[in-house]
Amino acid sequence: MELLDLPVLLLGVARSLVDGIDDGVRARGFTDVRPAHGFAFSRISFGGATVAQLAEHLDVTKQAASQMVEELVTKGYVERHPHPDDARARLIVLTEKGWACTRAANDAADEVLRPWADDIGPERLAALRTDLAKLSRPGRLRPAW
(Lines give C-alpha, C1' and ligand atoms only; values in the text may rest on other atoms or scores of the structure.)
Protein backbone atom coordinates (compact mmCIF):
# COMPACT_ATOMS: atom_id res chain seq x y z
CA MET A 1 0.00 0.00 0.00
CA GLU A 2 1.29 3.43 -0.91
CA LEU A 3 1.46 5.64 2.17
CA LEU A 4 3.55 8.57 1.08
CA ASP A 5 0.68 10.25 -0.74
CA LEU A 6 -1.35 10.51 2.49
CA PRO A 7 0.50 13.54 3.91
CA VAL A 8 0.10 15.43 0.65
CA LEU A 9 -3.60 14.56 0.47
CA LEU A 10 -4.28 15.43 4.12
CA LEU A 11 -2.39 18.70 3.94
CA GLY A 12 -4.07 19.56 0.65
CA VAL A 13 -7.52 19.02 2.16
CA ALA A 14 -6.56 21.06 5.25
CA ARG A 15 -5.30 23.87 3.04
CA SER A 16 -8.46 23.82 0.93
CA LEU A 17 -10.55 24.04 4.09
CA VAL A 18 -8.59 26.94 5.57
CA ASP A 19 -8.51 28.81 2.26
CA GLY A 20 -12.25 28.28 1.80
CA ILE A 21 -13.01 29.53 5.30
CA ASP A 22 -10.72 32.52 4.78
CA ASP A 23 -12.44 33.38 1.48
CA GLY A 24 -15.86 33.07 3.14
CA VAL A 25 -14.87 35.22 6.11
CA ARG A 26 -13.54 37.91 3.77
CA ALA A 27 -16.69 37.75 1.63
CA ARG A 28 -18.69 38.41 4.80
CA GLY A 29 -16.79 41.65 5.40
CA PHE A 30 -14.02 40.57 7.77
CA THR A 31 -11.13 41.56 5.53
CA ASP A 32 -8.68 42.46 8.27
CA VAL A 33 -8.20 38.98 9.74
CA ARG A 34 -6.13 36.06 8.57
CA PRO A 35 -6.37 32.31 9.22
CA ALA A 36 -3.99 32.47 12.19
CA HIS A 37 -6.50 34.76 13.91
CA GLY A 38 -9.17 32.10 13.42
CA PHE A 39 -6.99 29.54 15.19
CA ALA A 40 -6.66 32.02 18.06
CA PHE A 41 -10.42 32.68 18.11
CA SER A 42 -11.05 28.95 18.38
CA ARG A 43 -9.11 28.88 21.66
CA ILE A 44 -10.42 32.17 23.02
CA SER A 45 -14.04 31.22 22.33
CA PHE A 46 -13.95 28.57 25.08
CA GLY A 47 -14.19 30.91 28.04
CA GLY A 48 -11.29 33.17 27.14
CA ALA A 49 -7.56 32.54 27.37
CA THR A 50 -4.44 34.11 28.73
CA VAL A 51 -1.59 35.07 26.42
CA ALA A 52 0.36 32.07 27.75
CA GLN A 53 -2.51 29.70 26.96
CA LEU A 54 -2.89 31.20 23.52
CA ALA A 55 0.84 30.86 22.87
CA GLU A 56 0.71 27.19 23.87
CA HIS A 57 -2.36 26.56 21.70
CA LEU A 58 -0.76 28.19 18.66
CA ASP A 59 2.70 26.77 19.43
CA VAL A 60 4.29 30.22 19.28
CA THR A 61 6.25 32.31 21.76
CA LYS A 62 4.44 34.39 24.37
CA GLN A 63 5.81 37.46 22.62
CA ALA A 64 4.24 36.41 19.30
CA ALA A 65 0.92 35.64 21.01
CA SER A 66 1.05 38.99 22.81
CA GLN A 67 1.63 40.79 19.51
CA MET A 68 -1.33 38.98 17.96
CA VAL A 69 -3.54 39.89 20.93
CA GLU A 70 -2.51 43.54 20.65
CA GLU A 71 -3.37 43.50 16.94
CA LEU A 72 -6.77 41.91 17.65
CA VAL A 73 -7.50 44.40 20.44
CA THR A 74 -6.67 47.29 18.10
CA LYS A 75 -8.99 45.84 15.43
CA GLY A 76 -11.78 45.37 17.98
CA TYR A 77 -12.01 41.55 17.91
CA VAL A 78 -10.87 40.86 21.48
CA GLU A 79 -10.48 42.68 24.76
CA ARG A 80 -8.53 42.12 27.93
CA HIS A 81 -10.36 41.49 31.20
CA PRO A 82 -9.07 40.83 34.71
CA HIS A 83 -8.49 37.12 35.18
CA PRO A 84 -10.93 35.70 37.75
CA ASP A 85 -8.33 33.36 39.29
CA ASP A 86 -4.97 35.08 38.73
CA ALA A 87 -4.50 38.76 39.54
CA ARG A 88 -1.27 38.82 37.49
CA ALA A 89 -2.90 37.54 34.29
CA ARG A 90 -5.36 39.09 31.86
CA LEU A 91 -8.13 37.06 30.27
CA ILE A 92 -8.48 37.62 26.54
CA VAL A 93 -12.12 37.38 25.41
CA LEU A 94 -13.94 37.89 22.14
CA THR A 95 -15.90 41.08 21.62
CA GLU A 96 -19.20 41.08 19.73
CA LYS A 97 -17.16 41.74 16.57
CA GLY A 98 -15.00 38.72 17.41
CA TRP A 99 -18.09 36.55 17.91
CA ALA A 100 -19.54 37.82 14.62
CA CYS A 101 -16.32 36.89 12.84
CA THR A 102 -16.39 33.46 14.50
CA ARG A 103 -19.97 32.93 13.31
CA ALA A 104 -18.93 34.01 9.81
CA ALA A 105 -16.10 31.45 9.89
CA ASN A 106 -18.50 28.72 11.03
CA ASP A 107 -20.88 29.58 8.18
CA ALA A 108 -17.99 29.61 5.70
CA ALA A 109 -16.75 26.25 7.00
CA ASP A 110 -20.22 24.79 6.48
CA GLU A 111 -20.19 26.10 2.90
CA VAL A 112 -16.86 24.39 2.27
CA LEU A 113 -17.66 21.13 4.04
CA ARG A 114 -21.23 20.60 2.84
CA PRO A 115 -20.23 19.74 -0.78
CA TRP A 116 -17.52 17.41 0.51
CA ALA A 117 -20.08 15.60 2.66
CA ASP A 118 -22.49 15.42 -0.27
CA ASP A 119 -19.75 14.07 -2.55
CA ILE A 120 -18.73 11.18 -0.31
CA GLY A 121 -22.12 10.46 1.28
CA PRO A 122 -23.18 9.93 4.88
CA GLU A 123 -21.68 6.46 5.38
CA ARG A 124 -18.22 7.36 4.11
CA LEU A 125 -18.39 10.67 5.98
CA ALA A 126 -19.09 8.82 9.24
CA ALA A 127 -16.25 6.39 8.54
CA LEU A 128 -13.88 9.26 7.70
CA ARG A 129 -14.81 11.06 10.92
CA THR A 130 -14.21 7.87 12.93
CA ASP A 131 -10.87 7.23 11.24
CA LEU A 132 -9.65 10.80 11.66
CA ALA A 133 -10.69 10.76 15.33
CA LYS A 134 -8.54 7.66 15.83
CA LEU A 135 -5.53 9.32 14.20
CA SER A 136 -5.92 12.82 15.58
CA ARG A 137 -4.06 13.95 18.67
CA PRO A 138 -5.66 16.88 20.48
CA GLY A 139 -3.38 19.69 21.40
CA ARG A 140 -1.58 22.58 19.87
CA LEU A 141 -2.36 24.04 16.50
CA ARG A 142 0.36 25.72 14.55
CA PRO A 143 -1.07 27.55 11.61
CA ALA A 144 1.47 27.79 8.86
CA TRP A 145 -0.30 30.50 6.90
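Whether any residue in region 22-45 is of a type outside the set (G, A, S), farther than 22 Å from P138 by Cβ and open to solvent by less than 20 Å² (accessible area, probe 1.4 Å) is what I want to check.
Yes, because at least one residue in region 22-45 is of a type outside the set (G, A, S), farther than 22 Å from P138 by Cβ and open to solvent by less than 20 Å² (accessible area, probe 1.4 Å).
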- [ ] Among residues belonging to region 49-60 that are at pLDDT 95 or above and outside any helix (DSSP H, G or I), point out the one that is farthest from P138 (Cα to Cα).
- [x] T50
Open item on the list: Only one of A133, A127 is modelled with pLDDT under 95, over 19 Å from R28 (Cα atoms), open to solvent by less than 100 Å² (accessible area, probe 1.4 Å) and out of contact with any Gly (no Cβ under 7 Å at 6 or more places or on another chain). Can you tell me which?
Closed with: A133
- [ ] Can you confirm whether region 58-80 contains a residue that is open to solvent by 50 Å² or more (accessible area, probe 1.4 Å) and in contact (Cβ under 8 Å) with a residue 60 or more places away in the chain?
- [x] yes
- [ ] For region 103-124, name all the residues that are open to solvent by less than 100 Å² (accessible area, probe 1.4 Å) and in contact with a Gly (Cβ under 8 Å, 6 or more places away or on another chain).
- [x] A104, A105, D107, A108, A109, V112
TODO: Please enumerate the residues belonging to region 81-100 that are surrounded by fewer than 14 Cβ atoms within 10 Å (Cβ to Cβ) and either in contact with a helix residue (DSSP H, G or I) (Cβ under 8 Å, 6 or more places away or on another chain) or of a type outside the set (A, V, I, L, M, F, W, C) (or both).
DONE: H81, P82, P84, D85, D86, R88, E96
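The values are calculated or read from the model by the stated rules, or taken from the named source; none is laboratory data. Everything quoted here is computed from the prediction, not taken from an experiment. So basically every Cβ, Gly included, is an ideal-geometry build from the backbone, and we count neighbours across all protein chains shown. Calculation scope for accessible area: heavy atoms of the full protein, side chains included, ligands and nucleic acids excluded. Shrake-Rupley method; radii C 1.70, N 1.55, O 1.52, S 1.80 Å.
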